[in-house]
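These notes concern the structure reproduced below.
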Amino acid sequence: MNVPRYDTPTVPVGPVATPQATPVGGEAFGSGLARGMEALSRSAADMADDMRRTVDQNFKIDALSDLLETKKELLTGADGALKTQGTDARAVELDDGTSVPLVDHVVGLYRAKKDEWLEKAATEGQKQMVSQLFVEHLPDLELQVMNHSAAQETLAADRKMEAFTARQYGLVADTPTMDSIRAAAQNMAQALATYPKYQGMEEAVRKEYDKKVVSQLHATAIRSLLTQAGTAGNSAVEDGKLAAAVGIFDAYYDVLNEREREELAPRIALADNSIQAGSIARKVWAAYAPKSPNDPFDTADANARIDGFTLSNEATLLAKAKVAQLFQDYRAQIEQRTQAAANAVNGLILDGGTYSQVYHKALEQRGSIPDSAVENMVRYAGLYFKDGAGKPQAALSDDAATLGRLKEFQDDYLNGKYGRLTPEQAGARMMPVLGERTPEAVRFVDGANADLPNARLAAGRLQEKLLALRGMDPDGTAYPALRGLAGNAPEAKGNRALLLQKIIGEITLLHDNVKPADLDGIIHRSIAAFIASPGYPWAAEKPVGAITDQDIRNMDDAALRAFVRRKLSAGGGKPTEAQIAYGVKRVRSPQGGK
């Protein structure tokens, strides 16, 4: 192996020198110790300062957190100042009965919280810190509360003014006169003098506000008069109210603002027409009204007289409607008097009065109710007394017409027109129109009451069925036999009543609530059997001569009348109602018309 060789000279390595310590004197040692102690002291002070700063910082954080939470609670808590409404935002009543402004109450609670933290402060620095924190947030707290109180004061004033204004309009609406309007306007002026919002308006704005108030007061009176006229119930009072409304509208047209004019103008025009129509209607009614309950009223003649006046189309129609209403009112009065008379006569009968008493009680009603009603009451009373020598006799009425009224009553009763009557009520109600046939109505009601719910159900379904058939055959060509069941003629109503009685009879056999399908089947079978029965006028019947005595005895009233009519018409003549009634009476007699 080759060993490398170096050309540079080699430096000889001598022995390593040993370091020598310098001797320290007493003075140098003392100086160094002092410097060390000073450094240590500074370090301890720094640490203490850091600790104080940390404590103060934590104290500040806690105080600030509590301050902000207190401020939030005072403003928006459950009982916070910002949740107060109206006058409650003005002041707070204390336990001792005194009150303080809301802002003072809130600031007092805020300062009480500050005092709590001052008690907790361990140093003057912490106390200064608490004071500074609370002072910084106090202005915002005060400002929020004061703004809220001011806003609520304004709102309370607005609501108070709104309520006061509404009362003034109410006074005018209750008593729509010019005196009321003037009094309300004066009251409003006095209230506005202390209304902050009004006082803060510019003069031009206040003038517009005043105009609006005055316009609404007049418009309120006009609307109230028009409404009162519509519910007057008396034509003279109605026309007086309408005239007053028109008068205010015309006299104070310039006071009303554009919106009020546009709204009221059509109603005023209608009122003006109504006033004219009312005046004409009263004149025509005075000339054409029935002079007694027995007199007719010729509507055509009355309307022709109205056409002779120079009126607008609207006023002409209104005048005719008013005359028609006057006639309806007159008839209603007659009906009320008739019913009262019937109640008196019926009560005398039920109380055991003599025939003479009952007879003269009925005759007392002549002149105040129709003579036909008096005669019917006498005939009804006669059923309760034996025939006696010299007993007054009432004239016979048209039996056909009375029978028609009975059948109409039966149909209406089953359809619920009269509600539920007792037999006694039925007697008193129908006595003036049915006379000696009143007991038939009484018996009908007595029998129908037990099945009245089923009767109404059957009546409704029967009507539906007939209407459906009638709709498919409006001319009666496909189902001519149904002509005698449709329409409002007394005979048609009587036929429906008889048919319903048969249907109800079948329903009662079922003993419980009838099912719709079963009811439809009963109605279908009953219609078929009814229109095929002997004597039914629109059925393809047997010839008159082929009808047996048993068939006749089985006929109901309507069928028997039809049979008698056919028999009397066999010679080509047209029998009168009196002849038909006589024939029915003969057939029903014990001798069987022999």
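What the table shows:
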read-out: Index of the failed condition, Val246 passing every other in (1) under 19 Å from Gln168 (Cα atoms); (2) open to solvent by less than 70 Å² (accessible area, probe 1.4 Å); (3) not basic (Lys, Arg); value: (1)
read-out: Search result, residues across region 437-447 that are modelled with pLDDT of 75 or more and either assigned by the TED database to the domain that holds Gln365 or not polar (S, T, N, Q) (or both); value: Arg437, Pro439, Glu440, Ala441, Val442, Arg443, Phe444, Val445, Asp446
read-out: Hits in region 181-190 (condition: of a type in the set (A, V, I, L, M) and open to solvent by 20 Å² or more (accessible area, probe 1.4 Å)); value: Ala183, Ala185, Ala189
read-out: Filtered residue count, region 240-281, keeping only those that are closer than 27 Å to Ala321 by Cα and among the acidic types (Asp, Glu); value: 3
read-out: Checklist (1) modelled with pLDDT of 90 or more; (2) open to solvent by 70 Å² or more (accessible area, probe 1.4 Å); (3) of a type in the set (Ser, Thr, Tyr) applied to Thr231, failing item; value: (1)
read-out: Hits in region 132-163 - residues which are more than 13 Å from Leu68 (Cα to Cα) and either outside any helix (DSSP H, G or I) or open to solvent by less than 40 Å² (accessible area, probe 1.4 Å) (or both); value: Val145, His148, Ser149, Gln152, Ala156, Ala157, Asp158, Met161
read-out: Selection status of Lys83, open to solvent by 50 Å² or more (accessible area, probe 1.4 Å) and either among the basic types (Lys, Arg) or at pLDDT 85 or above (or both); value: yes
read-out: Subset of region 301-317 that is surrounded by 15 or more Cβ atoms within 10 Å (Cβ to Cβ) and either not hydrophobic (A, V, I, L, M, F, W, C) or not assigned by the TED database to the domain that holds Tyr288 (or both) - its residue that is farthest from Val284 (Cα to Cα); value: Glu314
read-out: Residues located in region 411-426, provided they are part of a helix (DSSP H, G or I) and at pLDDT 80 or above; value: Pro423, Glu424, Gln425, Ala426
read-out: Any chance Arg259 is closer than 28 Å to Thr175 by Cα, modelled with pLDDT under 90 and not assigned by the TED database to the domain that holds Ile369; value: no
read-out: All helices (runs of 4 or more DSSP H) inside region 258-371 with 3 or more residues being within 28 Å of Ile222 (Cα to Cα) and in contact (Cβ under 8 Å) with a residue 24 or more places away in the chain; value: 258-288, 313-350
read-out: Per-region count, region 318-339, residues closer than 22 Å to Arg267 by Cα and either surrounded by 14 or more Cβ atoms within 10 Å (Cβ to Cβ) or among the charged types (D, E, K, R) (or both); value: 5
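Yes/no per residue for (1) touching a residue at least 24 places away in the same chain (Cβ under 8 Å); (2) under 30 Å from Val214 (Cα atoms):
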residue	(1), (2)
Ala89	yes, no
Met129	yes, no
Gln132	no, no
Thr154	yes, yes
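Okay, residues lined up against (1) under 28 Å from Tyr330 (Cβ atoms); (2) in a loop (DSSP other than H, G, I, E, B):
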residue: Lys212; (1), (2): no, no
residue: Ser215; (1), (2): no, no
residue: Thr227; (1), (2): yes, no
residue: Ala243; (1), (2): yes, no
residue: Ile248; (1), (2): no, no
residue: Asp254; (1), (2): no, yes
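The values are calculated or read from the model by the stated rules, or taken from the named source; none is laboratory data. It should be emphasised that the depicted structure is a prediction, and the values quoted were computed from it without experimental measurement. Please note: Cβ atoms are built from the backbone with ideal geometry, for glycine as well, and neighbour counts cover all protein chains shown. Please note that ligands, DNA and RNA were not included when accessible areas were found on the heavy atoms of the full protein model with its side chains. Shrake-Rupley method; radii C 1.70, N 1.55, O 1.52, S 1.80 Å.
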